[in-house]
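The numbers here are math on the coordinates, done by the rules we state, and not lab data. Computed from a predicted structure; not experimentally measured. Note that each Cβ is placed from the backbone with ideal geometry, even for glycine, and that neighbours are counted across all protein chains shown.
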Amino acid sequence: MSVPDPRGPGEARPGALPVLLPFALPEDRAAVRLRPAHLWLLAGLALVAVPAWAQGGGGALSPLEVVIKWAPLLLTGFAFNVAISLMAMAIGTVAGIGLGLAMLAEGWILPRLAWCTTQVFRNVPWLVLLFFVMFLVPFQVTVFGIRVPLPDWVKATFGFSLPVMANVAEIVRGAVRSVPNTQWEAAESLAFTRRQTLWRIILPQCAKRMLPPWMNVYALIAMATVQASIVGVTEMLTLTAQVHAAEGGRPELFAPLYGFALLCFFLYCYPIDRFTAALERRFETR
Amino acid sequence: MTRATLAATPPPSWTPDQPIVRLADVHKSFGSFEVLKGISFDVRKGEVVCIIGPSGSGKSTLIRCINALVPVSAGSIQVEGIDVTDPRLDKLALRRKVGMVFQQYNLFPHKTALQNVMMAPIHVLGQDRREVEARARILLAKVRLAGKEDAYPGELSGGQQQRVAIARSLAMRPDVMLFDEVTAALDPETVKEVLVTIRELAEEGMTCMLVTHEMNFARDVADHIYFTDRGVIVEHGPPATFFASAQDERTRRFLSQVL
């Protein structure tokens, strides 16, 4: 039997049971702190373990076993996605810097032409661009009598590099425009040519500013590479569908197999996203 | 007012006994707004000229016309015989002769003070890096910034940045220096250090054209003062007579406000 303390529960009294004291969490362990690493772990576990546990048994392989069995193949496909995205990014970045600088060039025709190109490739669905490239570019080209085959993945890479180019061009243009005009004036009055001003004074100042949006474009293109499956490129999503079919198309395999693909992309793109955000914060405070 | 004769052909060669800068009936319009309505005067080598006047009277525009940052609408400007208004003007050749310092310093923020001073001689004039560096260090010492060579503009005070900007301009060995309200953005206590630098420059014989609101400086250092209002030169003269006996009503009103 307990007697209510007339002095209230908050006041410590010699001999009082700790249980009677007001409940307060120590600061450093106030709640379960979910860190990104925990989330990935939980997500991974849930994706493979829950369906496996719910639907396991019987003669067929459990979903977990299926995923493990096919993981090497699926990861090869994922590596292909990464390779396509990296190459598309490289080609698109080089072309995009050129296009962006063309938009900033002096003269009448070149900037307008570059601007139109940028707007077209920025404002159409990537998938439609991909279709165009797949069906308009021949499967091989002959250069000086040498036949160069153009496999589907090469065409897809080229297709993805087009929106990258347009977006990078816009990033370059925006970054250069963000440098105050007074920098151009100062360089001009020191007899720098326009080209020298751009390469030695303007671009070095805005290169840092271009990095976060550029990485954003990369994360988007990495995720978009699965669209290549629609045009028949054997990348991760294509392989996932084939594995699913090879395992008899069992409905309970759907979630684990595609969940594995989701997980791969998430684990790849999330750190890029975090890193981008961190860079953005750092450049903001400077 | 010394009115430059509008010669039919530009002088074939310029000699130092001729005015180094000649403005003849310079007009400048932005759209329908006429900022400069016929400005004419000459500046001789080694002269220090101050252009004063109320805000919006076209002083900054005028000084920007001289190194072709702003194209003139009509009239002619000559710098050492180079016709600035010629459509085939070699702007780079002109700007190698004319240095300019701005109100907002406009240093290159990604370069140190020393690099700011070194950039143009190296990349524009193609001079030897080691020689340029040695000279840049001397120039920074001259503007009393020895020890600040490796500081970035963001780490320097306004007055220090402005002195780096002066050194940067001098590194090109210009024949004329243009100063566009170079102390207007500075704290009062740092104005002096910049003015001292300009005064030393003037005493060494550098031809200087300043747009300024520093009347005491103009009185002490200038050889000639031009008072502009609404796009025209209202009155001008050597400081002694200009400040003592201004004739025009507008000049007197302006001087009574700023002195």
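For region A:80-235, taking Cα atoms only, Rg and Dmax work out to 17.9, 57 Å respectively.
Among residues other than residue B:193 with Cβ under 12 Å from its Cβ, the summed charge is +1 (Lys and Arg +1, Asp and Glu -1). Take each residue in B:87-94, count the other chain C-beta atoms within 10 Å of its C-beta, and the mean is 2.
The residue list A:101, A:258, A:130 was ranked by how far each Cα lies along the charge dipole of region A:73-285 toward its positive end, using unit charges on Cβ atoms, and A:101 comes out on top. log10 I(q)/I(0), Debye, Cα-only region A:197-286, no solvent, q = 0.25 Å⁻¹? Once normalised to I(0) and log-transformed, intensities are -1.18. Each part reduced to its alpha carbon centroid, region A:209-286 and region A:89-132 end up 25 Å apart. In straight-distance terms, cross-link reach from residue B:59 covers every one of the lysines whose alpha-carbon lies under 29 Å from its own, apart from those fewer than eight places away in the same chain; here that gives B:28, B:37, B:45, B:91, B:97, B:142, B:192. Farthest toward the positive end of the dipole of region B:21-258, out of B:50, B:177, B:112, is the Cα of B:112, where the dipole comes from beta carbon charges about the Cα centre. The charge dipole of region A:73-285, taken about its Cα centre with unit charges on the Cβ of Lys, Arg, Asp and Glu (plus for the first two, minus for the last two), comes to roughly 500 debye.
The orientation-averaged projected area of the convex hull spanned by the Cα atoms of chain B comes to 14.4 nm². Ordering of A:186-194, A:131-139, B:161-169 by packing is B:161-169, A:186-194, A:131-139, highest average first (other Cβ atoms within 10 Å, averaged per residue). Considering only the Cα atoms of region A:104-151, their convex hull presents on average a projected area of 5.3 nm².
More than 34 angstrom separation, counting every C-alpha pair in the protein assembly as shown; what % is that? The answer is 60 percent, as a whole percent. Taking every DSSP beta bridge that has both ends in region B:21-258, the antiparallel portion is near 55%. If only the Cβ of Lys and Arg carry +1 and only the Cβ of Asp and Glu carry -1, the dipole of chain B around its Cα centre is close to 380 debye. The helix-only estimate of mean residue ellipticity at 222 nm for chain B, built from DSSP H runs of length n ≥ 4 each weighted as -39500 (n - 2.57), is -10500 deg cm²/dmol after division by the residue total. Checking every one of the GluC sites (Glu not before Pro) in region B:158-196 against DSSP loop status and a limit of 12 other Cβ atoms within 10 Å picks out no site at all. Other chains near B:120-128: what is the mean number of their Cβ atoms within 10 Å of each residue's Cβ? Mean number of neighbouring Cβ atoms from other chains: 3.
Highest mean packing first, where packing is the average number of other Cβ atoms within 10 Å per residue, the peptides B:16-22, A:118-124 line up as B:16-22, A:118-124.
Take each residue of peptide A:179-188, count the partner chain Cβ atoms within 10 Å of its Cβ, and average: the result is 5.
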